[in-house]
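**Q** Got a structure here, written out as structure tokens. Questions coming.
The values are calculated or read from the model by the stated rules, or taken from the named source; none is laboratory data. Computed from a predicted structure; not experimentally measured. So basically every Cβ, Gly included, is an ideal-geometry build from the backbone, and we count neighbours across all protein chains shown.
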Amino acid sequence: MDGIGYGWVDYPLAPRPFHDSLQGTSYSPFEVDTPMQDYVVRLMEDVKAKNPAEPEFHQAVEEVAESLVLVMEKHPEYRSAKILERIIEPERVIMFRVPWKDDHGDVQVNRGFRIEMNSAIGPYKGGLRFHPSVNLGILKFLAFEQVFKNSLTTLPMGGGKGGSDFDPKGKSDDEVMKFCQSFMTELHRHIGPNTDVPAGDIGVGGREIGYMFGQYKRLANEFTGVLTGKGRNWGGSLIRPEATGYGTIYFAKEMMKTRGETFEGKHCLVSGSGNVAQFAVEKLLELGAKPVSLSDSGGHIYDKDGIDSDKLAWVMDLKNNRRGRISEYADEFKNAVYTPTDATLDHNPLWDHKADCAFPCATQNEINAIDASNLLKNGITVVSEGANMPTTADGVRQFLEARILYGPGKAANAGGVAVSGLEMAQNSMRYSWTRDEVDSRLQMIMADIHGACVDAGDRFGTPGNYVNGANIAGFLKVADSMMDQGCV
């Protein structure tokens, strides 16, 4: 089993780089009797050949495939039915142009996407991301991760993702509205409350959801729960804005319980300054922790005095209303230090401060191998991912080798989509739960996800390994559903 798996028992802690030593063998990745080492290597060769120039997608698939070695050995029927190969291939990819006029009357053209990845356990569910970095590979990786994340919630939701390379930053409300209406004019024909239910993601908040929902309602001539993250007055759920950030902290809380620890007095590094980071900080404060950092694309702030409730309220106004930059925090609070982003550095200075816990809540691959080493050197014992795949494979390997409490994004940040599922349920019933009801359900779901990860890790011989646990637990529900439904 050399080089396969992230286990702690009889398996190396992380996959080694793929090599060419198997060239010339007669094995196919699709033959059931292919040795598992060869199977994974051949599978990844096939994925990379079919999906060139999509490194994030390759990374996401590789991590899952490595974990599933432990499953495939015990359940060859999944290999025979090519379940993993089918999950890797999207059920549907939709790509379209989005023309709109800016405030100067000039025509702008963006590209829109929706990846409908897997519907084995329910309608496609996953966010829409508006950011210049959006491309097909990014969204395929996000949709692939979403399949397992949604499965872990225990709610009946398939996986999907979408978005556009449109950048809402610096745009007027009118420009954002025109773009959202044009985007939804095409997207509306592909979604529906029982088909595909998008939500928000980076660059898509309450404003964007509102504009898109209004256009969908106009075109479809019906008021249905086709989007989640809606306004409270028109079908939204309490706790939905807070859910991803809260859930990330709830998952970390469950991990810490296994070692008899709490958040009281813990210094915490948080990246990002959007929805997820803001509410992660809010929950950390409620649990007695001391968050000390936030960031955006321009750089990060480090506040040795801690980000208290008043400072957080200021950040929320800065980011949600004034749409300013995090650098302004250091102008307002003089003891804070702002460090601008330096693209020439081989690491992120945000992760080079002494602390107890780290919560990457910004974007994919924001923690590389050097960052992981710095975190461990500076005393980090808990990492819970609020963003999707924010740690590179080399960084993950270091966390697992150090045996810290490491919660991968597909488990730790599932709170957002979990409450989206609860919003869908409330929409179906034409009913709204109280804040306490939704928060209680969210806490139970995150505790259940944690339990499922622990149980799967134990069952397949890698106790305490949340990477294997999350990948395996998420896979099994989808795989069994696909087996039941035949070759579709």
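**Q** Of the residues in segment 334-354, how many are part of a loop (DSSP other than H, G, I, E, B) and surrounded by 16 or more Cβ atoms within 10 Å (Cβ to Cβ)?
**A** The total comes to 4.
**Q** Among the listed residues 216, 211, identify the single one that is outside the structural domain of residue 273 (by TED's automatic domain parsing), under 25 Å from the mean Cα position of the chain (by Cα) and free of Cβ contacts under 8 Å to residues at least 60 places away in the same chain.
**A** Unique residue meeting the criteria: 211.
**Q** With 129, 79 as the choices, which residue is of a type outside the set (Gly, Ala, Ser) and in a helix (DSSP H, G or I)? Before you say what the answer is, go through the steps one by one.
**A** Values: 129 fails: in a helix (DSSP H, G or I).
Every option except 79 fails the conditions.
**Q** For segment 475-488, enumerate the residues that are in a helix (DSSP H, G or I) and either within 23 Å of the chain's Cα centre (by Cα) or touching a residue at least 24 places away in the same chain (Cβ under 8 Å) (or both).
**A** Correct list: 475, 476, 477, 478, 479, 481, 482, 483, 485.
**Q** Could you list, ordered by first residue, the pairs with Cβ atoms under 8 Å in which the first is in segment 303-325 and assigned by TED's automatic domain parsing to the domain that holds residue 353 and exposed (fewer than 13 other Cβ atoms within 10 Å of the Cβ) and the second is modelled with pLDDT under 95 and part of a loop (DSSP other than H, G, I, E, B), at least 6 apart or interchain?
**A** 323/169
**Q** What are the pairs with Cβ atoms under 6 angstrom where one residue, in segment 36-62, is more than 14 Å from residue 87 (Cβ to Cβ) and the other, located anywhere, is modelled with pLDDT under 95 and surrounded by 17 or more Cβ atoms within 10 Å (Cβ to Cβ)? Sequence gap at least six, or different chains.
**A** Matching pairs, first to second residue: 36/69; 37/4; 39/29; 42/29.
**Q** Restricting to segment 456-474, what's the tally of residues that are buried (at least 24 other Cβ atoms within 10 Å of the Cβ) and in a helix (DSSP H, G or I)?
**A** Matching residues across segment 456-474 total 11.
**Q** Let me ask another. Which one of these is in a helix (DSSP H, G or I), among the acidic types (Asp, Glu) and crowded, with 17+ Cβ neighbours inside 10 Å: 145, 85?
**A** None of the other options fit; the residue is 145.
**Q** Could I ask something else about it? Could you run through segment 357-403 and say how many residues are in a loop (DSSP other than H, G, I, E, B), more than 19 Å from the chain's Cα centre (by Cα) and crowded, with 19+ Cβ neighbours inside 10 Å?
**A** Residues flagged as in a loop (DSSP other than H, G, I, E, B), more than 19 Å from the chain's Cα centre (by Cα) and crowded, with 19+ Cβ neighbours inside 10 Å within segment 357-403 amount to 2.
**Q** Right, something else. Looking at (1) of a type outside the set (Phe, Trp, Tyr); (2) within 25 Å of the chain's Cα centre (by Cα); (3) assigned to a strand (DSSP E or B), which one does residue 324 not meet, given that it meets all the others?
**A** (3)
**Q** Follow-up. All but one of (1) in contact (Cβ under 8 Å) with a residue 40 or more places away in the chain; (2) among the charged types (D, E, K, R); (3) not in a loop (DSSP other than H, G, I, E, B) hold for residue 73; state the number of the condition that does not hold.
**A** Looking at each condition in turn, residue 73 falls short on (1).
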